[in-house]
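Worksheet: the structure to be examined is printed underneath.
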Amino acid sequence: MKLLCLSVLISIVIITGCAAPTVEAVATNPSIPTEAPVEENPMTPKMLFEITNEPDLLKDPYGIAINSLGNLYVNDAGNSRILVFDGNGALLSVWDAKGSGEGQFNSLGFGGLAIDSSDNVFVVDNGNHRIQKFDANGKFLAQWGSEGAGDSQFVRAIGIAVDAAGNIYVTDDGNPYVQKFDNNGQFIMKFGGAGRDDGQFSHATGIAVDSNGNIFVADYENKNVQKFDSIGNFIATWDMGEDVEFKGTPEAIAVDANGHVYVTDYVLGRLQVFDNDGKFLWAWGEKSFTDSFFKRPVGIAFDSNGRIFIADQSGNNVEVFHLP
């Protein structure tokens, strides 16, 4: 089912009178109407540009975030590195030390990235079962985590988000909890648990926090989005794909300044947008994967110029659009 439709204006011309027009009349008052212009749907995505980092190409980009200067940080997970671009896609720096030491990375082809109000950068380093914290220039500041299913431990960490107070939230699809830490990695609390009931997770991936402290979690396996308050109390849940009557597969999630919730559909290659309580608003992309606009959309970020950045994992790029 096509998502984006074009409205066509049909002009109806009524010709009065019984006598056939003379040649002169036809020339000066033609009865054949001109074709009306086709209106353009404002929801049609218009890509401004894409970031591929040619010739040193991106590979499986996943988490992305934008700092106060408008610079874009990309977890280039397939290459186990972080790339920093300006707002026009020009490369500024590369953090590409591989390994398990401080400031080194061992990504597994995925992993989130978040930036706090001080422009500190938090990276999911899932191959090393930890979170790393850097300043805006890539200076290593802190790390926390180890392998396991206990507090401050990770099996396969994926998503990461930061709230207005600088607290950090991490999802883990191998350990079905959201863990909350302070800005330096001190464990605060966790919520969730394995299952399909409200407040539980099967394969939590994306996570985001709005300006009111509400927490939104995408669950790839349960195929839903759940909303919690700031201390992890369940508020609401909703499914993907209402507009195409096909249950989608949420991956990444982000919340804009108006509280609207943006979710990427990893399997169908779509972006869907909801209000803060889960009411569907609009979407980009098709129901059929073969016709979809994106390949495997993951990370989402917004800048102050009304643009949205979407990391396309299988497309090996970051695509930049104007928000409608």
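The values are calculated or read from the model by the stated rules, or taken from the named source; none is laboratory data. Every value quoted in this text rests on a predicted model; they were computed, and no experiment measured them. All Cβ positions, glycine included, derive from the backbone under ideal geometry; neighbour counts span all protein chains shown. Ligands, DNA and RNA are excluded from the accessible area calculation, which covers all protein heavy atoms including side chains. Shrake-Rupley method; radii C 1.70, N 1.55, O 1.52, S 1.80 Å.
Here are the numbers:
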read-out	value
Exclusive hit being touching a Phe, Trp or Tyr at 6+ places or on another chain (Cβ under 8 Å) and in contact (Cβ under 8 Å) with a residue 24 or more places away in the chain, set Gly195, Gly185, Gly241, Gly248	Gly185
Among (1) crowded, with 16+ Cβ neighbours inside 10 Å; (2) over 17 Å from Ile131 (Cβ atoms); (3) of a type in the set (Ser, Thr, Tyr), the one test that Ser211 misses	(1)
Selection count, region 59-81, where residues are touching a Leu at 6+ places or on another chain (Cβ under 9 Å) and open to solvent by 60 Å² or more (accessible area, probe 1.4 Å)	0
Among the candidates Ala283, Ala301, Ala236, residue that is of a type in the set (A, V, I, L, M) and either free of Cβ contacts under 8 Å to residues at least 12 places away in the same chain or under 17 Å from Ile158 (Cβ atoms) (or both)	Ala301
Ser202 being in contact (Cβ under 8 Å) with a residue 60 or more places away in the chain and surrounded by fewer than 22 Cβ atoms within 10 Å (Cβ to Cβ)	no
Subset of region 214-242 (residues that are open to solvent by 50 Å² or more (accessible area, probe 1.4 Å) and assigned to a strand (DSSP E or B))	Phe234, Ile235, Thr237, Asp239
Any hit, region 243-266, residues being among the charged types (D, E, K, R), crowded, with 23+ Cβ neighbours inside 10 Å and out of contact with any helix residue (DSSP H, G or I) (no Cβ under 7 Å at 6 or more places or on another chain)	yes
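Conditions tested, residue by residue: (1) at pLDDT below 95; (2) assigned to a strand (DSSP E or B); (3) open to solvent by less than 30 Å² (accessible area, probe 1.4 Å).
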site	(1), (2), (3)
Leu83	no, yes, yes
Asn88	no, no, no
Ser93	no, yes, no
Leu108	yes, no, no
Phe122	no, yes, yes
Asn137	no, no, no
Ala149	no, no, no
Val170	no, yes, yes
